[in-house]
1. When you check Arg242 against the structure, is it surrounded by 15 or more Cβ atoms within 10 Å (Cβ to Cβ), among the basic types (Lys, Arg), at pLDDT below 90 and out of contact with any Cys (no Cβ under 7 Å at 6 or more places or on another chain), yes or no?
2. Within the set of pairs 6+ apart or on separate chains, which have a first residue in region 424-437 that is within 11 Å of Ala77 (Cα to Cα), a second that is open to solvent by 20 Å² or more (accessible area, probe 1.4 Å) and assigned to a helix (DSSP H, G or I), and C-beta atoms under 6 Å apart?
3. Pairs only if they're at least six apart or on different chains, beta carbon under 7 angstrom, first in region 317-346 and under 18 Å from Glu51 (Cβ atoms), second among the polar types (S, T, N, Q) and surrounded by 18 or more Cβ atoms within 10 Å (Cβ to Cβ); list them, first residue then second.
4. Sort out which residues of region 150-179 are among the aliphatic types (A, V, I, L, M) and in contact (Cβ under 8 Å) with a residue 60 or more places away in the chain, and write them in order of number.
5. Can you name every residue in region 406-448 that is outside any helix (DSSP H, G or I), open to solvent by 10 Å² or more (accessible area, probe 1.4 Å) and among the aliphatic types (A, V, I, L, M)?
6. Could you list, in sequence order, the residues of region 61-117 that are at pLDDT 65 or above and of a type in the set (Ser, Thr, Tyr)?
7. Residue check: is Ile416 under 22 Å from Phe359 (Cβ atoms), at pLDDT below 85 and hydrophobic (A, V, I, L, M, F, W, C)?
Amino acid sequence: MAESLPPPYHLYDNATYEFCFVLPPKVNSAGIWENATNSFMIFSYSLPFLELHFVMIFLVNHLVYTILRSIGITLFASQMFAGFIMVPILKQEQSMRILHNQVLGVQIMDTASLFGFTLFFFLTGVKMDIKSAFRTTKRSLGIGIVSLLSPILVGAAVQVNFRQPNEPEQVKMERLIGTLIEALTSFSVIACLLAELKILNTELGRLALSSAAVGDLSTLFLVHIITLSQHFVSSPLLVLVRGVIACCFLALLFFVFRLLMYWVIKRTPNGGLVAEVYITATMMAAVGCAVVTHWTDQSPLIGAFLFGLAVPDGPPLGSALIDKFECFTNGLFLSVYVTSSTMRIRLQKWLSDPSHVKFSTIFIITTFFAKLIPCCIGSYLNFMPFRDALAFGLIMSSKGIVQLSHVCTFRDNKLISQKVFTAMIFCILANATIVPLLVRFLYDPDSRKYASYEQRNLMHLKPNVELRVLACVHSPDNVPAMICLLDLTCSTNESPNAVYVIHLIELRGRNSPVFIAHHNQETSTATSSFFENIISFYEYEGNNWDLVTVKAFTIITPPKLMHDDICTMALDKQTSFIILPFHRKWIQKLLKQSSLSSFSIGMLFLGGKDDREALTLARRMARDPRVKLTVIHLIAYQNCRNVVYWDTVLDTEMLKDVKQNNGELGNGCDVMYVEEVSDCGAQTIKLIMSIANDYDLMIVDRSYGVDSIILTGLSEWSEFSELGVVGDLFASTDLDSSLSVLVVQQQQRINVKRH
């Protein structure tokens, strides 16, 4: 069957082309032996053709990203560069001979990539917290709206300045579309950029996400208003019908489907997996919503995205959808979509019109700065440092996959010409390449976070002052033992405990981190599911009234960024003691002894700053009448000679009180001092095995020098380096003991650049 159609991506040529299509289409082949004279005939079938394109794009993408990643180029920009590289490759004579059926290739690739991008948009809606757009601060609201309106006003001024007499309506439409693309602020693009730059959970990242949420929803509202106003002139009844259909569609999503999904969540056991049938049904409903919006003359992306917004974000349903589909969608379909979209450019056609190149360059630069400058000024006036404000403006001006999809959609609908399409693609590529590099250069949160941080540890804590403790909790199993350990720190009226509890939860099924302060009663009642794991800390506060104060927080953040949240909280609250749970044996024996009247604590002292810090903590615990402390000083045989180091002098001074008051260390504290000598690692292991069952809790250091004769050869067998050599030995499953281990490390001094 033959029919006359304009060729793909040459929609403005005044020529007629004929193409031959085989119906029904050939999907699969019999292999390369089907045609012995021309083995490339296999690619006249749609499935082998699609597979070849997927493999080529996948390999070129990863090759380009491997090369460019070292200089800070993002994955999205690398995928676009791969598209530029593949254009001349596919124009080679050999490639043209293999991929001779260009129409088939375009149809197949467009269909596959659009389907994949629809899934991506659905998952973007799932991860987006729509509530964040309605609970933003005035600063975020103002920046979000200004970042949308300022490029529109400046873009309109540029268009008026370059307007020609008798300008065609097509040109006016193209310039209007270009202005909207430049003004668009995409939440998902900014979230992906922040995640790749690893600043998602910083103050700058949170402000950018909340402002982007406002800008994204404002853009969606503005585009629909413009579309309806254009249709209202020609057909008011059609606008009314579309408005009613849109309202009914939204009501169906948020008052029917959303309630059904909450019903699914209630049927899912706490911490359990969502049934496979519900996940499948949710995905089919997303595809169905895309089809419905397509039937109503709207983009299928809108239906999938709105349905994604209706899905409750986070565990269990939202995270289950992300876990199952995100890797496949982003790793394959999204890569194909970005690269194949970039391959549609026609550089020579754009460069052949100098006047258009001039206008495009001026327009793109002016609208970019029209977005950058107001965001920068707005954040700077709100007491943000200039470098941070400039980085924030760049982030708000960033472009990515969403802008690319809009450009491709407008091109497919014949609303923009090939020259405008090419100019916009170049604009997106330049933005996606330069902006991340500048943000990395301007914004380094750690350099200023730690530059003015004073030394805070137990050794330098003044007597009879408040001890500020940061307790980190990952799971309910951590809570009882953590409280028991806090109770052993012996808070008094002269030296009370201020405990800041962080419940750390992995960010799953969401784009933006969540910070909840539970001591705010309004917030805690709205987040009772998170409050359950830390309510025991408030009971601990009630049992130690006037001796302990507790403030609890829940932080939902990516696992790789949890350490940033812990350090930020420690800096903000000026804590001297941070407690981190370990995933293996979590204070088992301590739990068994928690209801008894006495605790036996051992402190293995090898020497060094970490041991001195550990001894300071042990001596504080020994003030508790229930505690019996034994300090075991393990001395290397070579140190029995007349060799004195500065650390040795500090250790001797630290141990002086313990030695002189052996048996009692003031205020009736029960402290024993024991010296042991070791000349090799084997003797150290024997000593550890001999004392492992004598105590309820053993306190050790983390970073004692592994080159010491005491620990000779032990570092090679260390399983968990984060515990240190000695801590790893006590935590080993080979040690037949239920001893609890507390590994202590003193604050590390770091040198950072000051801004």
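The values are calculated or read from the model by the stated rules, or taken from the named source; none is laboratory data. Please read all numbers here as calculations on a predicted model, not as lab measurements. All Cβ positions, even for glycine, are placed from backbone atoms using ideal geometry, and neighbour counts span all protein chains on display. With ligands, DNA and RNA removed, areas are computed over all heavy atoms of the protein, side chains included. Shrake-Rupley method; radii C 1.70, N 1.55, O 1.52, S 1.80 Å.
1. The answer is yes for Arg242.
2. So the pair list comes out as Ala432/Phe76.
3. Close Cβ pairs (under 7 Å, with a partner that is among the polar types (S, T, N, Q) and surrounded by 18 or more Cβ atoms within 10 Å (Cβ to Cβ)) amount to Phe333/Ser113; Ser335/Asn61; Ser335/Gln79; Val336/Ser113; Tyr337/Ser113; Thr339/Asn61; Thr339/Gln79; Ser340/Ser113.
4. Leu153, Val154, Val158, Met173, Ile177
5. Once the filter is applied, which keeps residues that are outside any helix (DSSP H, G or I), open to solvent by 10 Å² or more (accessible area, probe 1.4 Å) and among the aliphatic types (A, V, I, L, M), region 406-448 yields only Leu415.
6. Tyr65, Thr66, Ser70, Thr74, Ser78, Thr111, Ser113
7. Values: under 22 Å from Phe359 (Cβ atoms): yes; at pLDDT below 85: yes; hydrophobic (A, V, I, L, M, F, W, C): yes.
The answer is yes for Ile416.
Condition check ((1) open to solvent by less than 10 Å² (accessible area, probe 1.4 Å); (2) over 26 Å from Thr366 (Cβ atoms)) across all residues:
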site	(1), (2)
Phe187	yes, no
Ala191	yes, yes
Thr202	no, yes
Arg206	no, yes
Gly215	yes, no
Val223	no, no
Ser229	no, no
